[in-house]
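Q: Structure provided below as structure tokens; questions to follow.
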Amino acid sequence: MFLDEVDITVIAGNGGDGCVSFRREKYIPRGGPDGGDGGDGGSVYCLADPAVNTLYHLAGKHHWKATHGGGGMGKKCHGRNGVDVVVRVPPGTIIRDAERGVLLKDLAEPDRKVCVARGGRGGKGNVHFTTSTNQAPREAKPGESGQTRHLHMELKLVADVGLIGQPNAGKSTLLRRLSAARPKVADYPFTTLEPVLGIVALYGHRRFVMVDIPGLIEGAHRGAGLGEEFLRHVERAAILVHIVDICPLPGDPVEHYNTINEELRKYAPALAEKPQIVVANKMDLTESDENLKRFTEAVGCDVFAISAIAGKGLNEMTERIWKVLKERE
């Protein structure tokens, strides 16, 4: 199950207390202090793991707790350190302190790691408090408390290309045609209920990652349909591929195109300014040529004519996507 927002609590371990101890051995009078230091408490880390693609595994475990450090012992023995805890999250996870609203880390790249709750340091044993005037100190320091934090995690998928368009424009069919991803395809709106990633491979060992999000409708920036919930997943994409049903049953392709762009602008102006490749889909249908001519004149930009279901025009489109991606590097 896909989940892209979750709240958890992370609790680091406390440091162990320092020890008050004196050396007691036969034939060694006044052995002096030998209390060891307490161990450090375990910390909690978040790791961007490429093998993880959702935050769903965190939904059933809201508290992540590291172990405490052990107390110091005699003969200057150091207490054991607490065991760290690693919370594995998908690359692209944004971690915030939920109480303060502060951004802690954006784990946009795989294998990045951040400490979200620092373990307490162990206390000093009495061996550290010997002075010329205090040869037998009975003082030791307690361990420090570990940090406790309430975290809000939000996932923004990391993809090179984001597919946008109205429901039933053919985005899922296109992703299935170009990659091994298998999003649901059906003849009714909102068959895609969650973002789907796919790797598109071109000849010459070239590849890019494409993400399909649920179809957008008017009012998506306010939460209409499924738009607001998933628009964040195309924010990281370098470019957008705008899929337009050139022969829609209801409405007009030009109106659909303008509606989507307006929703992007209202949601995030920076998203609307991303480079777009406009694609007219379903060119295998009757009247598609006439509709394409009118659509191209209306939008005033290059339009790639394809049929995702028939595989028509896909090579030209993917080569154009690759060229734009290289230009953006």
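The values are calculated or read from the model by the stated rules, or taken from the named source; none is laboratory data. Since we're looking at a predicted model, the values are computed, not measured. Every residue, glycine as well, gets a Cβ built from its backbone with ideal geometry; the counts of neighbours run over all protein chains shown.
Q: Take the residues in the range 72-108 that are without any contact (Cβ under 8 Å) to a residue 12 or more places away in the chain and outside any strand (DSSP E or B); name whichever of them is surrounded by the fewest Cβ atoms within 10 Å (Cβ to Cβ).
A: Going through the qualifying residues, I end up with 101.
Q: Give me the pairs, please: first residue somewhere in the range 295-321 and small (Gly, Ala, Ser), second residue anywhere and buried (at least 19 other Cβ atoms within 10 Å of the Cβ) and part of a helix (DSSP H, G or I), beta-carbon distance under 7 Å, and either six or more positions apart or on two chains.
A: 308/173; 308/174
Q: Would you list the strands (runs of 3 or more DSSP E) that sit entirely within the range 1-71 and hold 2 or more residues that are in the same structural domain as residue 83 (by TED's automatic domain parsing), over 38 Å from the mean Cα position of the chain (by Cα) and not charged (D, E, K, R)?
A: none
Q: Restricted to the range 151-189, and to residues that are assigned to a loop (DSSP other than H, G, I, E, B) and within 26 Å of residue 58 (Cβ to Cβ), which residue is modelled with the lowest pLDDT?
A: 184
Q: In a strand (DSSP E or B), in the same structural domain as residue 13 (by TED's automatic domain parsing) and among the acidic types (Asp, Glu): is that true of residue 111 in this structure?
A: Against the criterion (in a strand (DSSP E or B), in the same structural domain as residue 13 (by TED's automatic domain parsing) and among the acidic types (Asp, Glu)), residue 111 does not qualify.
Q: Within the range 236-293, take every residue that is hydroxyl-bearing (Ser, Thr, Tyr) and part of a helix (DSSP H, G or I) and give me the one that is surrounded by the most Cβ atoms within 10 Å (Cβ to Cβ).
A: Selected residue: 257.
Q: Scanning for something assigned by TED's automatic domain parsing to the domain that holds residue 173 and within 16 Å of residue 163 (Cα to Cα), does the range 282-295 turn up at least one residue?
A: Looking through the range 282-295, at least one residue is assigned by TED's automatic domain parsing to the domain that holds residue 173 and within 16 Å of residue 163 (Cα to Cα).
Q: Quick test for you: out of 272, 305, 280, 268, pick the one residue that is aliphatic (A, V, I, L, M), within 26 Å of residue 208 (Cβ to Cβ) and in contact with a Lys or Arg (Cβ under 6 Å, 6 or more places away or on another chain).
A: On inspection, the qualifying residue turns out to be 272.
Q: Continuing with the same structure: Taking the range 303-324 as the search range and keeping residues that are outside any helix (DSSP H, G or I), out of contact with any Gly (no Cβ under 9 Å at 6 or more places or on another chain) and of a type outside the set (D, E, K, R), which one is surrounded by the most Cβ atoms within 10 Å (Cβ to Cβ)?
A: 303
Q: Could you give every pair whose Cβ atoms fall below 6 Å, whose first residue belongs to the range 238-267 and is farther than 26 Å from residue 287 by Cα and in the same structural domain as residue 322 (by TED's automatic domain parsing), and whose second residue is surrounded by fewer than 17 Cβ atoms within 10 Å (Cβ to Cβ) and of a type in the set (Gly, Ala, Ser), counting only separations of at least 6 or pairs across chains?
A: Correct list of pairs: 264/272; 265/272.
Q: Based on what the data block shows, is residue 141 touching a Lys or Arg at 6+ places or on another chain (Cβ under 7 Å), charged (D, E, K, R) and crowded, with 20+ Cβ neighbours inside 10 Å?
A: Considered against the rule, which asks whether it is touching a Lys or Arg at 6+ places or on another chain (Cβ under 7 Å), charged (D, E, K, R) and crowded, with 20+ Cβ neighbours inside 10 Å, residue 141 comes out as no.
Q: In the range 154-167, what residues are within 8 Å of the chain's Cα centre (by Cα) and surrounded by fewer than 24 Cβ atoms within 10 Å (Cβ to Cβ)?
A: Of everything in the range 154-167, those that are within 8 Å of the chain's Cα centre (by Cα) and surrounded by fewer than 24 Cβ atoms within 10 Å (Cβ to Cβ) turn out to be 154, 156, 158.
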